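Q: Below are the structure tokens for one structure; questions will follow.
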Amino acid sequence: MNTRLNTQLSLLLLAMTGAACASANEVELDTVVVEADFRQTNVQQIPEAVTVVGSEQIDARSAEHLEQVLSFAPNVNFASGASRGRYFQIRGIGERSQFVDPVNPSVGLMIDGIDMTGLGGAATLFDVQQVEILRGPQGTRFGANALAGMINIHSKEPTKESEGYIKARAGNYDSYGLGGAVSGSLADNLQGRLAVQGFQSDGYIDNTYLNRDDTNKLDEIIARGKLAYQLNEDTDLGLTYLYADIDNGYDAFSLDKNRNTLSNQPGHDSQETQAVALTVDSRINNEVQLQAELTGSWNDSEYSYDEDWAYGEYIWLDDDPIYTPDPCDVSQGPCLADFDGYSSFDQYLRDYQRTSADIRLLSGPTGRVINNSSDWVAGIYVMQRNEDLKRNYTYLSMPFTSALDSQAVAFYGELSSDISLNTRIISGLRFEHWTNDYQDNNGINGNTAESLIGGKITIETLLTPNQMLYGSLARGYKAGGINTDPDISEDNRKFDTEFNNTVEVGLKSSLLNDELTTRIAAFYIQRKNQQVKSSYAIQNDDNSLTFQDYLANAAEGRNYGVELESDWNITPSLNWAVSYGYLKTEFIDYQYQTDDGEVNKDGRAQAHAPENSLATSLTTQLLNGLSLRIESEAKDTFYFSDSHDEKSTAYVLWHARLAYDSNNYAVALYGRNLTNRDYEVRGFGGFGNDPRNGYASDRYVQYGEPRLVGIEGTYRF
């Protein structure tokens with residue numbers, strides 16, 4: 001691990017030691033509320049590991065997208081392989097990509113109650129109130145979507161008072177954004193909010209073959225409308241409409257392993273989404289409360305790329321292979337006569353349609369049971385998903401098409417019982433019936449049907465009015481499915497359900513007259529029938545590549561670690577925040593077969609699971625309204641994949657923001673990755689793609705953001 005990372009970890013331990021030695025005071029805990037729970041709950045009082053990234057933190061990072069704030073949460077990572085991070089990992093568990101096969105998610109993504117799992121391009125952060133990152137299986141609340149955890153994005157609500165703002169920014173790489181939001185009462189019992197934003201950037205790649213600097217561009221438009229209607233004093237209705245038009249480029253991998261590409265057919269990473277959510281919150285009487293969420297989303301996406309990362313025409317000059325737009329010309333030098341290259345383009349067009357209904361009853365103020373000691377929740381959830389794929393690929397004689405229809409019906413309940421004045425037991429259970437029906441034009445047809453059971457039991461106790469200790473045992477699950485590659489054996493055609501058994505112990509404290517809040521959690525995860533993507537490349541006679549991908553079940557996996565979070569107002573003008581994650585992962589008894597023989601991964605760490613991760617920030621008020629924030633985030637090395645052994649490099653990034661905030665306006669100068677560190681967000685290995693070394697097996701990576709600097713301004717009215 002690199003020296004700077006060690007230094008930061010030492011500072012972190014010093015801060016946590018001071019926190020542990022501080023005395024508790026009888027004051028109220030922090031008031032940050034978690035919306036993803038059955039009942040809105042203070043983040044310091046919910047007995048599980050949760051990080052809430054509020055709008056102030058989003059602004060302080062000058063973040064446009066979810067991937068730019070995930071480092072605030074310990075043991076959370078993301079995989080790119082696209083224009084944005086679309087796939088997320090919590091405690092080492094989560095998918096990293098999607099190509100032909102449908103994906104069963106391990107980490108769910110909800111935006112205003114709408115399931116956007118696997119569609120992370122829409123996870124922009126304009127006019128967002130907070131991002132909640134729930135770590136650990138959410139078997140009772142979310143079921144099969146949340147084996148590892150859940151990310152819940154909650155946008156700002158309509159207000160009764162009229163308000164609004166306009167926000168603009170500009171930065172290097174021809175980056176600029178413009179957006180605005182307006183909110184207020186439309187009638188005595190009706191409020192509305194409308195937010196619209198556009199963001200564009202040339203991206204961080206230079207395509208030297210096409211002489212363009214925008215082949216990896218960002219071009220994103222988001223619009224959101226919300227209505228809040230008070231039908232009567234007991235019933236509230238909410239309506240949300242979300243529109244996202246993501247038209248990004250994808251040209252990220254370079255044969256020269258830098259930010260200069262040679263692709264003649266740059267790809268796209270686009271998504272158009274329309275989604276709605278209707279919510280009902282009604283007090284039937286003092287004993288029973290009704291809540292309902294009805295959602296639907298319609299999404300069209302394109303994910304495409306130049307597979308050879310070049311343009312397939314090469315000559316030999318001065319003993320170096322040089323790419324040229326002209327055919328080989330012997331007058332310029334001797335041709336590479338024996339060169340046998342390939343050129344290919346791969347395009348995945350997907351249509352997603354999703355509908356769901358979640359209806360539940362909750363105990364009201366006088367509806368407690370078991371001698372008035374227990375609150376309860378009982379609900380039913382129904383879901384329908386349709387995913388249609390059309391793949392256009394150079395080496396296919398005709399487009400590949402497939403259709404997957406998934407349905408789920410779930411019944412769930414939770415009982416929260418006070419067993420003493422300071423101690424409570426929370427028991428949750430979910431029964432879910434899940435079906436898949438798959439077919440494609442290769443003649444692969446199959447279906448699965450299974451009944452899944454998950455849940456959680458938690459005991460929490462107040463050690464003092466400001467310190468809560470909890471322990472939990474949770475069981476999560478991820479449904480099995482069907483592998484679609486026609487060349488795999490029938491023994492590998494289906495893969496089984498994965499189960500996740502997690503033990504977690506945590507301590508949440510509010511100290512020093514509520515100026516210091518800390519959250520500490522330790523966990524141990526047993527992964528049974530772990531679903532692992534096995535992927536290896538076959539080099540064809542023309543040097544093109546055929547990838548054989550399928551999901552298999554490892555016998556078992558093991559993940560364990562510690563998470564620490566601290567937020568300390570050292571003085572009225574100085575704040576120090578820290579987030580640290582320690583994570584160990586390994587496969588147990590996992591082997592698979594390739595054309596080259598058996599591959600044994602027993603004991604190896606799982607992919608995208610850095611052992612150490614850290615984020616820390618210092619914010620100081622310099623003058624009235626003038627603030628300076630300095631941040632750092634760091635990650636250890638991690639394996640890019642479960643199917644090869646290439647690893648990322650450890651890194652430390654530095655960010656800063658100088659801001660002035662008045663009553664009606666704010667301006668800020670910001671910089672991210674100030675040292676311009678090249679860090680890796682996706683990587684491949686186990687195959688060769690470069691004709692200059694005879695397609696020898698090599699390591700290829702995609703880099704994250706370079707140094708970004710800019711200015712932004714906000715006008716409020």
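The values are calculated or read from the model by the stated rules, or taken from the named source; none is laboratory data. Quick caveat: nothing in here was measured; it's all calculated off a predicted structure. So basically every Cβ, Gly included, is an ideal-geometry build from the backbone, and we count neighbours across all protein chains shown. Accessible surface areas use protein heavy atoms only, side chains included; no ligands, DNA or RNA. Shrake-Rupley method; radii C 1.70, N 1.55, O 1.52, S 1.80 Å.
Q: Taking the Cα-to-Cβ direction at Ile570 and at Lys160 and moving 7 Å from each Cα, how far apart do the two end points lie in nm?
A: Placing both labels 7 Å beyond Cα along the Cβ direction yields 4.1 nm.
Q: Now for a separate question. Applying 1/(1 + (r/R0)^6) with R0 = 25 Å to the Cβ-Cβ distance of Thr620 and Leu669, what FRET efficiency is obtained, to the nearest 0.05?
A: On the way: r = 15 Å, r/R0 = 0.61.
Once rounded, the FRET efficiency stands at 0.95.
Q: If you don't mind, another one. How far is helix 3-21 tilted off the main Cα axis of the chain, in degrees rounded to 10, range 0 to 90?
A: The helix 3-21 is inclined about 10 degrees to the chain.
Q: Please work out the C-alpha center-to-center distance from the stretch 639-717 to the stretch 84-143 and express it in whole Å.
A: Distance between centres, Cα-based: 20 Å.
Q: Can I ask one more? For the stretch 107-246, which whole percent of the accessible surface, found with a 1.4 angstrom probe, sits on carbon and sulfur atoms?
A: Values: 2620 of 4970 Å².
Reported share for carbon and sulfur atoms: 53 percent.
Q: Which whole-angstrom value gives the distance between the alpha carbon centres of the stretch 463-535 and the stretch 405-460?
A: 14
Q: Right, another one. At R0 = 22 Å, how high is the FRET efficiency between Thr435 and Leu278 if r is their beta carbon distance? Nearest 0.05 is fine.
A: Numbers: r = 25 Å, r/R0 = 1.15.
Computed FRET efficiency for Thr435 and Leu278: 0.30.
Q: Moving on to the next point. Please give the length that would be gained between Asn392 and Ala696 if that part of the chain were fully extended, namely 0.36 nm times their separation in residues minus their C-alpha to C-alpha distance (nm, one decimal). Before the final figure, lay out the partial values.
A: On the way: separation 304, 0.36 × 304 = 109.44 nm, distance 2.69 nm.
Net length gain for the segment: 106.7 nm.
Q: Let me ask something else. What whole number of Å gives the distance from the Cα centroid of the stretch 161-199 to the Cα centroid of the stretch 217-296?
A: Between the Cα centres of the stretch 217-296 and the stretch 161-199 lies a distance of 16 Å.
Q: Another question, if that's okay. Whole number in Å², please: accessible area per residue of the stretch 397-445, 1.4 Å probe, ligands, DNA and RNA not counted. List each step's numbers first, then the result.
A: Details: 2540 Å² over 49 residues.
Normalised by residue count, the accessible surface of the stretch 397-445 is 52 Å².
Q: In addition: On the accessible surface of the stretch 414-482, probed at 1.4 Å, how many percent belong to carbon and sulfur atoms? Numbers along the way, then the final one.
A: On the way: 1830 of 3090 Å².
Taking all protein chains in place, the stretch 414-482 shows 59 percent carbon and sulfur surface.
Q: If you work out Cα extents along the principal axes in Å from the coordinates, which of (1) 89, 61, 53; (2) 90, 68, 61; (3) 78, 71, 47 do you get?
A: Read-out from the structure maps to (1).
Q: Ile459 to Val382: extension gain in nm, 0.36 nm per residue of separation minus the Cα-Cα distance?
A: 24.8 nm
Q: By how many nm would the segment from Asn189 to Asp405 lengthen if fully extended, with 0.36 nm per residue of separation less the alpha-carbon distance?
A: Details: separation 216, 0.36 × 216 = 77.76 nm, distance 4.03 nm.
Going from the current span to full extension adds 73.7 nm.
Q: When the helices in the chain are scored as -39500 (n - 2.57) per DSSP H run of 4 or longer and the sum is shared across all residues, what 222 nm value do you end up with, to the nearest 500 deg cm²/dmol? Display every interim value, and only then the final one.
A: Values: 2 runs with 25 residues, N = 717.
Value at 222 nm, helices only: -1000 deg cm²/dmol.
Q: Just need the relative contact order of the chain here, percent rounded to a whole number, with Cα pairs under 8 Å and 6+ apart. Intermediate values should be presented prior to the final figure.
A: Details: 2088 pairs, mean separation 84.7, N = 717.
About 12 percent, as a whole number.
Q: Students often get this wrong: which residues of the stretch 438-477 have the backbone nitrogen under 18 Å from the point 7 angstrom along Cα-to-C-beta of Ser420?
A: Under 18 Å, as judged by backbone N against the label point of Ser420, lie 458-472 of the stretch 438-477.
Q: Let me check something: with ligands and nucleic acids excluded, how do Tyr243, Tyr173 order by accessible area (1.4 Å probe), largest to smallest?
A: On the way: Tyr243 55, Tyr173 85 Å².
If we order Tyr243, Tyr173 from most to least accessible, we get Tyr173, Tyr243.
Q: Of Thr497, Thr366, Thr464, which has the most accessible area and how do the rest follow, probe 1.4 Å? Provide the component values of the computation, followed by the final result.
A: Working: Thr497 10, Thr366 80, Thr464 45 Å².
Sorted by accessible area, descending: Thr366, Thr464, Thr497.
Q: Sorted by accessible area with a 1.4 angstrom probe, largest first, how do Ile457, Ile153 fall? Walk me through the intermediate numbers first.
A: Details: Ile457 85, Ile153 0 Å².
Sorted descending by solvent-accessible area, the residues read Ile457, Ile153.
Q: If the limit is 31 Å between Cα atoms, which of Lys226/Lys533; Lys217/Lys635; Lys508/Lys584; Lys508/Lys533; Lys257/Lys635; Lys167/Lys456 go over it? Write out the running numbers ahead of the final one.
A: Numbers: Lys226/Lys533 39 Å; Lys217/Lys635 26 Å; Lys508/Lys584 23 Å; Lys508/Lys533 37 Å; Lys257/Lys635 21 Å; Lys167/Lys456 43 Å.
From Lys226/Lys533; Lys217/Lys635; Lys508/Lys584; Lys508/Lys533; Lys257/Lys635; Lys167/Lys456, over 31 Å: Lys226/Lys533; Lys508/Lys533; Lys167/Lys456.
Q: For the stretch 182-314, what is the accessible area per residue in Å² when the probe is 1.4 Å?
A: Accessible area per residue: 41 Å².
Q: So which aspartates and glutamates can Lys160 reach, going by Cα to Cα under 20 Å and dropping same-chain residues fewer than 8 places off?
A: The reachable aspartates and glutamates, counting only those whose Cα sits under 20 Å from Lys160, are Asp112, Asp127, Asp188, Glu233, Asp234, Asp236, Asp281.
Q: Could you work out the relative contact order of the stretch 388-520? I mean the mean sequence separation of Cα pairs under 8 Å and 6+ apart, divided by the number of residues, in percent.
A: On the way: 276 pairs, mean separation 22.1, N = 133.
17 percent.
Q: Ok, one more. Only residues of the stretch 673-715 count here: report those whose backbone N is under 18 Å from the spot 7 Å along Cα→Cβ of Arg604, or say none.
A: Correct set: 682-688, 697-701.
Q: Sticking with this one: Need one number: nm distance between label points at Phe717 and Ile370, each 7 Å from Cα along Cα→Cβ, rounded to one decimal.
A: It is 5.6 nm.
Q: Report the residues of the stretch 173-197 in range of a label on Leu294: point 7 Å along Cα→C-beta, backbone N strictly under 12 Å from it.
A: Of the residues in the stretch 173-197, none has backbone N under 12 Å from the label point off Leu294.
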